[in-house]
Amino acid sequence: MLPLIGILIVILGFAFRLNALLVVTVAGLATGLASGQSLHDVIAAFGHAFVESRYVAIVWLVLPVIGVVERSGLKERARDVIGQIRAATAGRVLLVYLALRQITSALGLVSLGGHAQMVRPLVAPMAEGAAEHAHGPLAESTRERIKAMSAAADNVGMFFGEDVFVAIGSILLIRGFLEQNGIIVEPLHLARWAIPTAIVAFVIHGTRLLLLDRRLRRESLEAAVDLAEQQAQPSARDGASA
């Protein structure tokens, strides 16, 4: 049971909103040490994984470009453009992105989306702009909810879409695990049976996105009622004093 302590660390770290990279690193160290490995072996495993996956360092080349375009007003422009579309709502914008993310991932184009290069500079601001156009100024908690749903749309779309593509790491991982346990499955069969799962995931999360519009509409009405009551109270007091 001790090797599972890493899962507990991840849960607690995310629950207390600690730095994600630090939480995952500590969880990996704790899991390795609890499994009986030495500190040197655990650190060596981290280094080996990094060397074998050096392509992850490419993200450091993308971040400066994203910072420049954000500084030049990309997020504000995205809000303005989506605000000009009358039928656009936060839920509909995210539903379209979910569909595109899942389809492109199913074709193996998993790098077309992502939190850093798509959600933060484009998708989330567009969803916020659509919500502002439909419901007026947004509270900070509402903005954070829209950002969270934007990130969730990217996660769900890629996670369940990429398994449809036969030449992807997750398919090879599943095949290898099953083969180790004596179950021989062709990658094509795994990809084919991933299609129903992807469809169900799209329906479930798409419903959540459409319900987001209903929640935003209800919160907007409640805020309007509260504002009307606050404006009516001073008028009533002025009338009573007169």
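A few comments on the model shown:
- Modelled label reach - His40, point 7 Å along Cα→Cβ, the range 1-21 residues with backbone N closer than 12 Å: none
- Within the chain, helix-based [θ] at 222 nm, where runs of 4 or more DSSP H residues each add -39,500 (n - 2.57), nearest 500: -25500 deg cm²/dmol
- Over every Cα atom in the chain, the radius of gyration and the widest Cα-Cα span, Dmax, amount to 23.4, 88 Å.
- Rounded to the nearest 10 degrees, the inclination of helix 59-71 to the longest alpha-carbon principal axis of the chain is 10 degrees.
- Spin-label model, Ser170 to Arg217: label points 7 Å out along the Cα-to-beta-carbon direction sit 3.2 nm apart.
- Here each label is just a point 7 Å from Cα along the line to Cβ, and for Leu21 and Val69 those points are 2.2 nm apart.
- Computed log₁₀ I(q)/I(0) - Debye formula, equal Cα scatterers, no solvent, the range 60-166, q 0.15, 0.20, 0.21, 0.23 Å⁻¹: -0.63, -1.02, -1.09, -1.21
- Averaged per residue, the range 94-242 has 59 square angstrom of accessible surface, using a 1.4 angstrom probe with ligands and nucleic acids left out.
- The fraction of accessible area contributed by carbon and sulfur in the range 139-227 is 68 percent, rounded to a whole number (1.4 Å probe; ligands and nucleic acids excluded).
- Net lengthening on full extension, Val203/Arg77 (0.36 nm per residue, minus Cα-Cα): 42.3 nm
- The phi-based Karplus calculation (6.51 cos²θ - 1.76 cosθ + 1.60; θ = phi - 60°) puts the 3J(HN,Hα) values of the range 115-131 at 5, 6, 9, 10, 5, 5, x, 10, 5, 4, x, 5, 5, 5, x, 5, 5 Hz, whole numbers, x for Gly and Pro.
The values are calculated or read from the model by the stated rules, or taken from the named source; none is laboratory data. Model, not experiment: these values are computed from the prediction. With ideal geometry, Cβ positions are generated from the backbone for all residues, glycine too; neighbour counts draw on all protein chains shown. Keep in mind that these areas ignore ligands, DNA and RNA; they rest on the heavy atoms of the full protein, side chains included. Shrake-Rupley method; radii C 1.70, N 1.55, O 1.52, S 1.80 Å.
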